[in-house]
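Some notes on the structure that comes next.
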């Protein structure tokens, strides 16, 4: 049963996500944490961190890890979880690959059309909203700790603020931000 649910869920996520992997995160979180309860919000935050530091598109990585975790948490053996991760990964890209092949041909023929340009402008705004929703959905106790003057919360907020400023103002490479944040977190949380 879980395999059919994974297939249907990730086919729908792939079909209704515009703007790439980061805009997909809010939909994945809503389904795997909220709707099906396949994992906790903390597990999803860990899964998302792992998805971002491993090579490849973040949306596909998130689907892969979500499929694996959902099947493991449902009590299946690891070999079945590998099948779940493959199923989720393939399902999340199946519809977009087919649509891109069809739409790219159509867009090339109609790229100068005013209505097409208007739709593309609106889709850009939708994507910004989805990315913002994904970012705000990760702001919680599982990422920052409880609000107050405990060390975990203070370190989390400081790392967030420094990374935000370095990424926005200084245009520091995300690779260095991830490596630096990981090292600071390792030292700060292990003390």
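Please find, within segment 1-20, the residue that is surrounded by the fewest Cβ atoms within 10 Å (Cβ to Cβ) out of those that are touching a residue at least 40 places away in the same chain (Cβ under 8 Å) and more than 17 Å from residue 86 (Cα to Cα).
Selected residue: 18.
For residues in segment 72-88 being in a helix (DSSP H, G or I) and touching a residue at least 60 places away in the same chain (Cβ under 8 Å), which is surrounded by the most Cβ atoms within 10 Å (Cβ to Cβ)?
Per the criteria, the residue is 88.
Does residue 159 satisfy being surrounded by 12 or more Cβ atoms within 10 Å (Cβ to Cβ), without any contact (Cβ under 8 Å) to a residue 40 or more places away in the chain and closer than 30 Å to residue 44 by Cα?
Criteria met by residue 159.
Residue-wise test of (1) surrounded by 13 or more Cβ atoms within 10 Å (Cβ to Cβ); (2) more than 18 Å from the chain's Cα centre (by Cα); (3) farther than 23 Å from residue 53 by Cβ; (4) at pLDDT below 90.
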| site | (1), (2), (3), (4) |
| --- | --- |
| 99 | no, yes, yes, yes |
| 107 | yes, yes, yes, yes |
| 128 | no, no, yes, yes |
| 146 | no, yes, yes, yes |
| 153 | yes, yes, no, yes |
| 163 | yes, yes, no, no |
| 166 | yes, yes, no, no |
| 185 | yes, yes, no, yes |
| 191 | no, yes, no, yes |
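Residue check: is residue 29 surrounded by fewer than 18 Cβ atoms within 10 Å (Cβ to Cβ), part of a helix (DSSP H, G or I) and touching a residue at least 12 places away in the same chain (Cβ under 8 Å)?
For residue 29, the condition - surrounded by fewer than 18 Cβ atoms within 10 Å (Cβ to Cβ), part of a helix (DSSP H, G or I) and touching a residue at least 12 places away in the same chain (Cβ under 8 Å) - is not met.
The values are calculated or read from the model by the stated rules, or taken from the named source; none is laboratory data. Bear in mind that the values here come from a model prediction, so they are computed numbers and not experimental data. Reconstructed Cβ throughout: ideal geometry from the backbone, glycine too, with neighbour counts over all protein chains shown.
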